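Below you'll find the structure, written out as structure tokens, and then a few comments.
The values are calculated or read from the model by the stated rules, or taken from the named source; none is laboratory data. Everything quoted here is computed from the prediction, not taken from an experiment. Protein only, heavy atoms only, side chains kept; ligands, DNA and RNA dropped before computing areas. Shrake-Rupley method; radii C 1.70, N 1.55, O 1.52, S 1.80 Å.
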Amino acid sequence: MNNLSIEDIESRLAVLFQPDELAAHQYQNTFTRVKPLEPEKVLMLAVLEDAIMCFQRYLHSKHAKEQRLYEDAVSWIFDKADIRTFSFESIYDACGLDTDYLRMGLLRWREQKNSRALRNKVPKVSPNAMRQWGMRGHKR
């Protein structure tokens, strides 16, 4: 064998299996932001989230206050000319997001909800009634 004593081997093994503090720190850094969100961006995202929630929650509302919230959200989201600090366009520019992508997604969502609502309003006809009236709309 080698001229290494058991003590030398144990000391070398101890060095190999010691916890690496730097590796744990580097691992934790992969889950943290490089730069934390500024309070203004947090506020902007909260405004955006509220508008989307009003758009979705109050789409088919029957109450005047909720209808007004829906209309305000629609006008805020789809107004491309608004250049104020907390306009839809400004918030998306500040956050580096694509405004048209969200607008198209909200329009598709609304179309799906509207088509479902229309399907639910169509009266269902029983099979007996269908047989009785036939294709021309008069009794056989």
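Points to keep in mind about this one:
- In the context of the full protein assembly, GLU71 retains an accessible surface of approximately 100 Å², using a probe radius of 1.4 Å and ignoring ligands and nucleic acids.
- Overall dimensions of region 42-92 as given by Cα atoms, namely Rg and Dmax in Å: 11.2, 32
- Accessible-area ranking of LYS62, LYS113, largest first, probe 1.4 Å: LYS62, LYS113
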